[in-house]
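Have a look at the structure below, then the notes.
The values are calculated or read from the model by the stated rules, or taken from the named source; none is laboratory data. Computed from a predicted model, the values in this text were never measured in an experiment. Here Cβ is always computed from backbone atoms with ideal geometry, including for glycine, and neighbour counts include all displayed protein chains. Ligands, DNA and RNA are excluded from the accessible area calculation, which covers all protein heavy atoms including side chains. Shrake-Rupley method; radii C 1.70, N 1.55, O 1.52, S 1.80 Å.
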Amino acid sequence: MAQIHVADLRKVYAVGDQTITAVDRVSLVINKGEFVSIVGHSGSGKTTLLSIVGGIMKPNSGQVLFEGEDICSFDDDRLSEYRNEKVGFMFQFASLLPMLTAVENVMLPGLFRKARNTGGHARAAELLGMVGIGDRCDAYPSQLSGGQQRRVAIARALMYDPRVILADEPTGDLDEETENDIMQLFRRLNSEREITFIFITHNLDLAAMAQRRLRMTHGILHED
């Protein structure tokens with residue numbers, strides 16, 4: 001069974017008296033452990049597609065099956081559970097809370113879980129060590145470099161062992177060397193933990209590091 005099966009997905013926005021089709025009858029199958037990149041110009045529908053797959057946004061029509069279940073039919077509680085426990089999100093900016101330390105930022109997803117994990121601090125510290133900044137647990141975001149902040153965001157996304165990571169321009173604000181370091185970390189997590197990665201990028205060199213490359217043009221998805 002496919003881990004993610006998108007079928008005939010469509011998302012339309014009304015902008016004034018115009019209608020914009022952001023995702024145009026997209027179908028896609030992704031198996032467990034795949035490492036997938038999506039490229040395309042701004043406005044091509046990449047982020048909208050990722051948001052629908054992640055349960056952040058609902059489509060106008062179509063299905064998103066995650067391990068056989070249609071997330072588009074979930075009520076709010078089940079969608080929250082899906083977003084919090086099945087999927088890890090990474091966005092263009094690390095978006096850390098400045099008043100929290102690195103380890104507290106990693107623990108943040110636990111605030112939205114019904115069952116609180118009493119071992120959260122130890123788990124968060126372990127993840128910071130795994131991403132290479134175990135000595136910065138008590139540092140605040142202002143005391144961390146851009147690359148270190150990104151590693152905190154990665155650890156946060158991994159806090160509850162997601163099966164899929166959805167990353168939207170996850171290295172867009174980093175220098176080339178740090179960008180490559182982060183991508184190597186993604187590849188290691190994908191290989192060692194069998195986490196499925198789907199990431200959006202404008203950088204064709206980064207996209208080429210994926211096992212499978214997709215391209216969006218005017219809401220239509222193609223194999224690259």
*How big is the Kirkwood radius of the chain, worked out from every pair of different alpha carbons and given in Å to one decimal?*
18.0
*asked:* Taking the Cα centre as origin and putting +1 on Lys and Arg beta-carbons and -1 on Asp and Glu beta-carbons, what dipole magnitude results for the range 128-224, to the nearest 20 debye?
replied: 360
*Residue-normalised accessible area of the range 7-139, expressed per residue, 1.4 Å probe, Å²*: 51
*asked:* Looking at the chain as a GNM with Cα springs under 10 Å, which of 158, 128, 28 has the largest mean-square fluctuation?
replied: 28
*Using only helices, what value at 222 nm comes out for the chain when you add -39,500 (n - 2.57) per DSSP H run of length 4 or more and divide by the total residues, to the nearest 500 deg cm²/dmol?*
-9000 deg cm²/dmol
_Linear extension gain, residue 97 paired with residue 32, 0.36 nm per residue minus alpha-carbon span_ = 20.2 nm
*Taking only Cα atoms of the range 17-147, radius of gyration then Dmax in Å*: 17.8, 54
_Percent RCO, i.e. relative contact order, over the chain, from Cα pairs under 8 Å lying at least 6 residues apart_ = 30
*Want the number for residue 126 to residue 13: 0.36 nm per residue separation, take away the alpha-carbon distance, what's left?*
36.4 nm
*What's the lysine pair count for the chain at a Cα cut-off below 22 Å, pairs eight or more apart or interchain?*
8
*List, largest first, the extents of the alpha carbons of the range 1-47 along their principal axes, each in whole Å.*
42, 21, 10
*Quick one: pull the percent of accessible area on the chain belonging to carbon and sulfur, 1.4 Å probe, ligands and nucleic acids left out.*
47
_Dipole of the chain, positive direction: furthest Cα of 49, 178, 37, with charges on the beta-carbon_ = 49
*What Kirkwood hydrodynamic radius, in Å, does the range 1-93 give when the mean of 1/r is taken over all pairs of distinct Cα atoms and then inverted?*
14.0
*How long is the range 87-201 along each principal axis, judged by its Cα atoms, biggest number first, in Å?*
36, 31, 20
*In debye, nearest 20: dipole of the chain around its Cα centre with unit charges on the Cβ of K, R (+) and D, E (-)?*
380
